[in-house]
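Scroll down for the structure; my scribbles are underneath it.
The values are calculated or read from the model by the stated rules, or taken from the named source; none is laboratory data. What you see is a predicted model, and the numbers here were worked out from it, not measured in a lab. FYI the Cβ positions are ideal-geometry reconstructions off the backbone, even for glycines, and counts take in every protein chain you see.
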Amino acid sequence: MYKNLTAVIGFFIFLSCTENQSLYDKSEDLFLAQLTSEIREVAVIGSTEINTPTVNRLGDILRWSDDRLIVVDLSLLTLNLLKADGSDVASAGGRGRGPGEFELINQLHRGSDGYLYVLDRNLTRVSKFQIADDEIDYVTSFSPDVPDTMFLVNIFVTPSGVYTLLNHFEANITRANSYRLYKADGTFNSDELLFEFEGTEKIESDNGLYIDHPLARQPLWSQNGDYFYLLNSHQSEWQKRNLLTGAIDSISYVNQTERKNNHLSKAYLTNRLEPILDVEPVLKEFIDKSGQLPLNHDLFATKEWVVISSFYAGSSEKIIVLHNQVSKETVYCSVAPHFFPVSFNGNKLTGKNSSTEDNIRLEVLDLELPGSY
């Protein structure tokens, strides 16, 4: 299972960090053209690059408050508490198997109880930290029991309790897989299955492993409060599920639901993924034969906003869709191709700009939002 997981992680790290120039104007992508004609654009009126001199290799980012960020240093596997300007405040963690240490950092989660929870899938361990008085203090760890045919993907500590999201595989790691959301106990052991949804599409490689591929149909999800948000990479409609009542709202951000994989996007993807295609020729064949591109690359939700990043396939700009959960209005902004948003606070969209693997920068964009937001 972990060999398969490692291959998937390595693939997407590469996909996010490889440098390449855009090949065509977004008007030549009919999906993006339709999206930008249906939805009002909000302008990016400023950008600030945040220098993080104490972080060797920028990893996951969590906005802890208006003026504090938690940033993972992938080279040291430390948790770094930074001011909004990037200056260092405190750090914790490190590489290892001891209390408060990590072999991998797969999720940063701010629980509704005010604690920071860090998931290490390699150790199947959840570590709990307290952040107070500009210090990060280790509290305790939990090592939940997970069946051999599953692995722990995410944990959520909400006002109504603890939830776990597990990826379930059929025997022998076949392409058949699904995600299952459970109500869990206080030690993150899964108790009650709440619902299940379709897993990530996989193809068989030449060495017999089932791997993700760049155009895979895959679920995207986020959690905020007692709500769970679910969107398929190839659909424009997402679900907002109430974890307490099970009630579901469905929202669509655009009428167009297909995106043709034309010769321009095929050329871009082939060029961008060339080192991987040399190792896995089956991926090149899949790109050539696939008729459709994903619509979406990522999703996250805040109390006020649902933020959806479009799948980037070589156009001059990348589109970020922003749906206001109060006014119900949907707008979009255009950003640099390799900007990946991670938080939205006020009018500030914070993310990583990863034009190359060695040049991953923390950047904040100022959006010109209407006064009603």
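Could you count how many residues in segment 83-102 are over 26 Å from T158 (Cβ atoms) and either under 21 Å from the mean Cα position of the chain (by Cα) or part of a strand (DSSP E or B) (or both)?
Here is the first cut: in segment 83-102, the residues over 26 Å from T158 (Cβ atoms) are 83-91, 94-98, 101.
Still in the running and either under 21 Å from the mean Cα position of the chain (by Cα) or part of a strand (DSSP E or B) (or both): 83, 88-91, 95.
Of the residues in segment 83-102, 6 are over 26 Å from T158 (Cβ atoms) and either under 21 Å from the mean Cα position of the chain (by Cα) or part of a strand (DSSP E or B) (or both).
Can we say T174 is more than 22 Å from Y115 (Cα to Cα), more than 21 Å from the chain's Cα centre (by Cα), assigned to a loop (DSSP other than H, G, I, E, B) and modelled with pLDDT of 95 or more? Quick ask: steps written out before the conclusion?
Details: more than 22 Å from Y115 (Cα to Cα): yes; more than 21 Å from the chain's Cα centre (by Cα): yes; assigned to a loop (DSSP other than H, G, I, E, B): yes; modelled with pLDDT of 95 or more: no.
So T174 does not fit the description; no.
Would you pick out the residues in segment 243-260 that are of a type outside the set (F, W, Y) and part of a loop (DSSP other than H, G, I, E, B)? Break it down into steps so the answer makes sense when it comes.
Of segment 243-260, the ones of a type outside the set (F, W, Y) are 243-252, 254-260.
Passing the criteria: L243, L244, T245, G246, A247, V254, N255, Q256, T257, E258, R259.
Go over the candidates G100, G96, G111 one by one and state the one that is of a type in the set (G, A, S) and crowded, with 18+ Cβ neighbours inside 10 Å. Outline the logic, then answer.
On the way: G96 fails: crowded, with 18+ Cβ neighbours inside 10 Å; G111 fails: crowded, with 18+ Cβ neighbours inside 10 Å.
Testing whether each residue is of a type in the set (G, A, S) and crowded, with 18+ Cβ neighbours inside 10 Å leaves just G100.
For T164, all conditions in the list (1) closer than 21 Å to T187 by Cβ; (2) in contact with a Gly (Cβ under 9 Å, 6 or more places away or on another chain); (3) among the β-branched types (V, I, T) hold save one; what is the number of the exception?
(2)
So D134 ticks every box in (1) on the phi < 0 side of the Ramachandran plot; (2) in contact (Cβ under 8 Å) with a residue 40 or more places away in the chain but one. Which box is left unticked?
Going through the list (1) on the phi < 0 side of the Ramachandran plot; (2) in contact (Cβ under 8 Å) with a residue 40 or more places away in the chain, D134 breaks only (1).
Residues that are aromatic (F, W, Y) and over 18 Å from the mean Cα position of the chain (by Cα): does segment 204-222 have at least one? Before the answer, list the steps.
Let us first name the residues in segment 204-222 that are aromatic (F, W, Y), namely 210, 221.
Filter once more, so that each one left must be over 18 Å from the mean Cα position of the chain (by Cα): 210.
Scanning segment 204-222, I find at least one residue that is aromatic (F, W, Y) and over 18 Å from the mean Cα position of the chain (by Cα), so the answer is yes.
In segment 58-82, which residues are part of a loop (DSSP other than H, G, I, E, B) and over 18 Å from I105 (Cα atoms)?
Narrowing segment 58-82 to residues part of a loop (DSSP other than H, G, I, E, B): 66-67, 74-77.
D66, D67 - these are the residues of segment 58-82 that are part of a loop (DSSP other than H, G, I, E, B) and over 18 Å from I105 (Cα atoms).
Out of (1) in a loop (DSSP other than H, G, I, E, B); (2) surrounded by 15 or more Cβ atoms within 10 Å (Cβ to Cβ), the odd one out for N207 is which?
(2)
Test of understanding: among I308, I319, which residue is in contact with a Ser or Thr (Cβ under 6 Å, 6 or more places away or on another chain), over 19 Å from T48 (Cβ atoms) and either in contact (Cβ under 8 Å) with a residue 60 or more places away in the chain or surrounded by 20 or more Cβ atoms within 10 Å (Cβ to Cβ) (or both)? Outline the logic, then answer.
On the way: I308 fails: in contact with a Ser or Thr (Cβ under 6 Å, 6 or more places away or on another chain).
Being in contact with a Ser or Thr (Cβ under 6 Å, 6 or more places away or on another chain), over 19 Å from T48 (Cβ atoms) and either in contact (Cβ under 8 Å) with a residue 60 or more places away in the chain or surrounded by 20 or more Cβ atoms within 10 Å (Cβ to Cβ) (or both) holds for just one of I308, I319, which is I319.
Does A216 qualify as being closer than 18 Å to D288 by Cα, small (G, A, S), out of contact with any His (no Cβ under 8 Å at 6 or more places or on another chain) and part of a helix (DSSP H, G or I)? Please lay out each step first, then the result.
Values: closer than 18 Å to D288 by Cα: yes; small (G, A, S): yes; out of contact with any His (no Cβ under 8 Å at 6 or more places or on another chain): yes; part of a helix (DSSP H, G or I): no.
No, not satisfied.
Please verify whether segment 197-217 includes one or more residues that are among the aromatic types (F, W, Y), modelled with pLDDT of 95 or more and closer than 30 Å to K183 by Cα.
Within segment 197-217 (the criterion being among the aromatic types (F, W, Y), modelled with pLDDT of 95 or more and closer than 30 Å to K183 by Cα), the answer is yes, since at least one residue qualifies.
Yes or no: N345 surrounded by fewer than 16 Cβ atoms within 10 Å (Cβ to Cβ), under 18 Å from the mean Cα position of the chain (by Cα) and closer than 21 Å to G59 by Cα? Talk me through it step by step, then tell me what you get.
Numbers: surrounded by fewer than 16 Cβ atoms within 10 Å (Cβ to Cβ): yes; under 18 Å from the mean Cα position of the chain (by Cα): yes; closer than 21 Å to G59 by Cα: yes.
The answer is yes for N345.
If you take the residues of segment 23-57 that are assigned to a strand (DSSP E or B), aliphatic (A, V, I, L, M) and in contact with a Leu (Cβ under 6 Å, 6 or more places away or on another chain), which of them is surrounded by the fewest Cβ atoms within 10 Å (Cβ to Cβ)? Spell out how you get there, then give the answer.
Let us first name the residues in segment 23-57 that are assigned to a strand (DSSP E or B), namely 24, 40-41, 44-50.
This time we only want the ones that are aliphatic (A, V, I, L, M), so: 44-45, 50.
Narrowing the set further to residues that are in contact with a Leu (Cβ under 6 Å, 6 or more places away or on another chain) leaves 44, 50.
Values: V44: 17, I50: 19.
Step by step, filter segment 23-57, then rank; the result is V44.
Which of the residues that make up segment 134-167 are surrounded by fewer than 16 Cβ atoms within 10 Å (Cβ to Cβ) and either of a type outside the set (S, T, N, Q) or farther than 21 Å from D120 by Cα (or both)? Steps first, answer last, please.
Of all residues in segment 134-167, those surrounded by fewer than 16 Cβ atoms within 10 Å (Cβ to Cβ) come to 134-135, 137, 139-140, 143, 145, 147-149, 159-160.
The answer is D134, E135, D137, V139, D145, P147, D148, P159, S160.
All but one of (1) assigned to a loop (DSSP other than H, G, I, E, B); (2) within 30 Å of D148 (Cβ to Cβ); (3) free of Cβ contacts under 8 Å to residues at least 24 places away in the same chain hold for I105; state the number of the condition that does not hold.
Unmet for I105, out of (1) assigned to a loop (DSSP other than H, G, I, E, B); (2) within 30 Å of D148 (Cβ to Cβ); (3) free of Cβ contacts under 8 Å to residues at least 24 places away in the same chain: (3).
With the structure loaded, tell me whether R180 is under 17 Å from G246 (Cα atoms), surrounded by fewer than 19 Cβ atoms within 10 Å (Cβ to Cβ) and within 19 Å of the chain's Cα centre (by Cα) or whether it fails that test. Quick ask: steps written out before the conclusion?
On the way: under 17 Å from G246 (Cα atoms): yes; surrounded by fewer than 19 Cβ atoms within 10 Å (Cβ to Cβ): yes; within 19 Å of the chain's Cα centre (by Cα): yes.
Yes; evaluated as a whole, the condition is true for this residue.
What single numbered condition from (1) among the hydroxyl-bearing types (S, T, Y); (2) assigned to a strand (DSSP E or B); (3) in contact (Cβ under 8 Å) with a residue 40 or more places away in the chain fails to hold for T187?
(2) is the only condition that T187 fails.
Report every pair of residues separated by at least 6 positions or lying on different chains whose Cβ atoms are under 6 Å apart, first residue within segment 32-57 and more than 11 Å from Q256 (Cβ to Cβ) and at pLDDT below 95, second part of a loop (DSSP other than H, G, I, E, B) and not hydroxyl-bearing (S, T, Y).
Pairs that qualify, where the first residue is more than 11 Å from Q256 (Cβ to Cβ) and at pLDDT below 95 and the partner is part of a loop (DSSP other than H, G, I, E, B) and not hydroxyl-bearing (S, T, Y), are I50/G86; N51/G86; T52/G86; R57/L74.
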